[in-house]
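So the structure is just underneath, and the comments pick up after that.
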Number of protein chains: 2
Amino acid sequence: MSERPTLVSSSKTFGGSQLRLRHRSQVLHCEMTYSVFLPPQSLAGARVPALYWLSGLSSTDENFMQKAGAQRVAAELGIAIVASDTSPRGDGVPSDPGGGWDLGLGAGFYVNATREPWARNYRMYDYVVDELPALVEEEHSLSDSRGISGHSMGGHGALVCALRNPGRYRSLSAFSPISNPMRCPWGEKAFSHYLGSDRKDWHEWDASELLSGASERLPILVDQGGADPFLETQLHPEALRAAAERAGHPLTLRMQPGYDHSYFFIATFIEDHLRHHAKALVR
Amino acid sequence: MSERPTLVSSSKTFGGSQLRLRHRSQVLHCEMTYSVFLPPQSLAGARVPALYWLSGLSSTDENFMQKAGAQRVAAELGIAIVASDTSPRGDGVPSDPGGGWDLGLGAGFYVNATREPWARNYRMYDYVVDELPALVEEEHSLSDSRGISGHSMGGHGALVCALRNPGRYRSLSAFSPISNPMRCPWGEKAFSHYLGSDRKDWHEWDASELLSGASERLPILVDQGGADPFLETQLHPEALRAAAERAGHPLTLRMQPGYDHSYFFIATFIEDHLRHHAKALVR
């Protein structure tokens with residue numbers, strides 16, 4: 001059993017509690033900080049479901065909680081939100097030797113690294129799928145009804161975590177996901193470092209590859225900004241759409257004209273995503 | 001006439017435009033950055049009213065726009081939001097010789113400084129009351145229907161700007177304002193530097209003092225968190241309440257149990273404030 005997390009900060013918001021906590025991660029071999037929003041129903045004693053949120057490159061556990069405006073609707077629906085950090089952190093955790101923001105710190109890509117120097121710490125997949133939910137469900141008395149969503153690198157993470165674990169999540173969505181990381185510069189850089197140069201080892205970390213073998217038909221909602229500067233080079237939602245069509249997988253991919261890659265885009269459509277998750281999470 | 005501002009960034013949000021712009025301030029003798037949210041009605045050609053937002057200590061023009069979640073309701077109501085910076089900035093602009101965050105950069109207190117070394121740049125009152133509205137109303141085709149609000153130091157600023165300028169604003173509100181700056185450490189430090197040691201010169205910059213002489217009965221909505229760590233030492237809403245009672249001024253002061261001084265508090269109640277302003281601004 002992990003030791004209990006320690007409270008970093010607590011603020012009341014929309015009748016619920018916005019918390020940051022730190023704990024020692026057994027999986028990542030470092031101290032980690034996470035944020036959780038507990039809706040009023042949780043504070044009143046209900047065991048509420050949770051939406052797990054995975055953020056994008058260079059973010060931490062805080063960006064979504066501060067900028068997406070999700071707590072208003074989560075409070076109404078009675079859904080907790082759990083936001084992890086985007087990589088291991090701290091002394092001894094390696095980062096991009098080239099100083100980039102797209103590898104290493106802030107860029108864990110939600111995979112389990114197999115190559116040095118990454119393999120000891122960079123196991124964000126195990127962390128967000130197993131260790132963190134086990135911890136927060138006990139610590140904050142959450143139910144095991146889980147949804148998962150994320151943005152950009154975190155949209156990729158949400159898709160991969162759900163597609164690899166039938167039955168573990170009841171709902172799935174993504175904003176501007178890196179939909180086909182095997183075939184974009186961000187993904188190729190990260191995967192070659194974390195997973196090695198053999199591209200066969202990359203398939204199990206690529207949503208557009210995984211979709212063809214998905215045994216569970218979890219409906220996916222994806223929003224993508226039409227003015228997103230990364231759309232053509234990095235994100236490739238058309239690969240996800242093609243894979244979903246081939247597999248007969250239910251995907252609602254909404255192109256939103258004029259919207260970019262920022263939290264101003266996420267804030268606009270987060271209510272739709274929360275209601276999408278609530279259909280599966282709130283009984 | 002000022003030269004036109006230059007665009008720093010633009011993001012679509014809630015069907016409107018979230019913009020940052022820079023311009024040369026004649027009043028402050030430096031480059032300034034401001035943020036503006038233009039609702040969909042403005043983009044469709046309507047001359048919409050604007051809520052002027054003044055932020056608190058150490059903030060910039062960005063905090064409110066990123067964290068308050070105000071754009072959703074402003075888009076519904078057809079109100080623009082204009083957020084200034086909290087002080088002059090840049091090379092040659094003096095700051096706290098002691099390195100504090102409660103004087104100088106990020107801490108202009110929305111006064112016109114009369115003492116050295118502040119008097120040349122620190123004229124945030126003239127900037128937010130006159131120069132910035134003239135600029136943005138022309139640049140963004142806003143109407144001259146103005147509301148004003150703010151947080152903490154900016155709540156003080158909003159109250160002072162409105163109370164000193166009958167007829168200039170149609171609506172007024174504040175979050176956790178520094179209600180009686182003459183009698184709190186933040187205000188005493190700032191005023192003694194910007195205005196000098198003669199406390200008689202401070203009265204015209206103190207909302208609780210100004211309220212007794214207000215010639216206009218503009219209804220004021222104030223929200224104050226009950227768990228705000230600055231409540232007892234710095235904010236003194238009871239002084240504002242007493243002044244309003246003495247003057248017969250319409251003040252709705254809501255103590256919100258459990259809420260702190262953060263944007264998680266502001267986000268919870270910003271919708272109420274926007275609707276309070278809309279009653280006066282939107283016809």
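The values are calculated or read from the model by the stated rules, or taken from the named source; none is laboratory data. Fair warning: this is a prediction, and the values are worked out from it, not measured in the lab. Counting neighbours? That spans all protein chains shown, and the Cβs are built from the backbone with ideal geometry, glycine included. In case anyone asks, the SASA skips ligands and DNA or RNA and just uses the protein heavy atoms, side chains included. Shrake-Rupley method; radii C 1.70, N 1.55, O 1.52, S 1.80 Å.
Apart from one condition, residue B:100 fits all of (1) over 16 Å from residue B:34 (Cβ atoms); (2) modelled with pLDDT of 95 or more; the exception is (2). Only one entry of B:62, B:76 meets the criterion of being within 14 Å of chain A (Cβ to nearest Cβ), under 24 Å from residue B:178 (Cα atoms) and of a type in the set (Asp, Glu), and that entry is B:62.
Quick check on residue B:55: is it within 14 Å of another protein chain (Cβ to nearest Cβ) and touching a Ser or Thr at 6+ places or on another chain (Cβ under 9 Å)? Considered against the rule, which asks whether it is within 14 Å of another protein chain (Cβ to nearest Cβ) and touching a Ser or Thr at 6+ places or on another chain (Cβ under 9 Å), residue B:55 comes out as no.
Which of the residues spanning the stretch A:12-22 are more than 18 Å from residue A:55 (Cβ to Cβ) and either open to solvent by less than 20 Å² (accessible area, probe 1.4 Å) or more than 14 Å from every other protein chain (Cβ to nearest Cβ) (or both)? Working first, answer last.
Quick first cut of the stretch A:12-22, residues more than 18 Å from residue A:55 (Cβ to Cβ) only: A:12-17.
Listed by number, the residues that qualify are A:13, A:16.
Here is a check on your reading of the model: is residue A:91 open to solvent by less than 50 Å² (accessible area, probe 1.4 Å), of a type in the set (D, E, K, R) and over 17 Å from the mean Cα position of the chain (by Cα)? If you could, list the steps in order and put the result at the bottom.
Numbers: open to solvent by less than 50 Å² (accessible area, probe 1.4 Å): no; of a type in the set (D, E, K, R): yes; over 17 Å from the mean Cα position of the chain (by Cα): yes.
Against the criterion (open to solvent by less than 50 Å² (accessible area, probe 1.4 Å), of a type in the set (D, E, K, R) and over 17 Å from the mean Cα position of the chain (by Cα)), residue A:91 does not qualify.
Summed over the stretch B:228-276, residues that are under 19 Å from residue A:40 (Cβ atoms), in a helix (DSSP H, G or I) and polar (S, T, N, Q) total 1.
Let's see how each residue does on (1) within 14 Å of chain B (Cβ to nearest Cβ); (2) open to solvent by 10 Å² or more (accessible area, probe 1.4 Å); (3) farther than 30 Å from residue A:76 by Cβ:
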{"residue": "A:177", "(1), (2), (3)": "no, no, no"}
{"residue": "A:183", "(1), (2), (3)": "no, yes, yes"}
{"residue": "A:224", "(1), (2), (3)": "yes, no, no"}
{"residue": "A:233", "(1), (2), (3)": "no, yes, yes"}
{"residue": "A:242", "(1), (2), (3)": "no, yes, yes"}
{"residue": "A:248", "(1), (2), (3)": "no, yes, yes"}
{"residue": "A:256", "(1), (2), (3)": "yes, yes, no"}
{"residue": "A:272", "(1), (2), (3)": "yes, yes, no"}
{"residue": "A:280", "(1), (2), (3)": "no, yes, no"}
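Among the candidates A:228, A:201, the residue that is charged (D, E, K, R), open to solvent by less than 30 Å² (accessible area, probe 1.4 Å) and either under 30 Å from residue B:267 (Cβ atoms) or away from every other protein chain (no Cβ under 14 Å) (or both) is uniquely A:228.
Look through A:145, A:58, A:149 and report the one residue that is open to solvent by 50 Å² or more (accessible area, probe 1.4 Å), in contact with a strand residue (DSSP E or B) (Cβ under 8 Å, 6 or more places away or on another chain) and hydroxyl-bearing (Ser, Thr, Tyr).
Working: A:145 fails: open to solvent by 50 Å² or more (accessible area, probe 1.4 Å); A:149 fails: open to solvent by 50 Å² or more (accessible area, probe 1.4 Å).
Criteria check complete, one pass: A:58.
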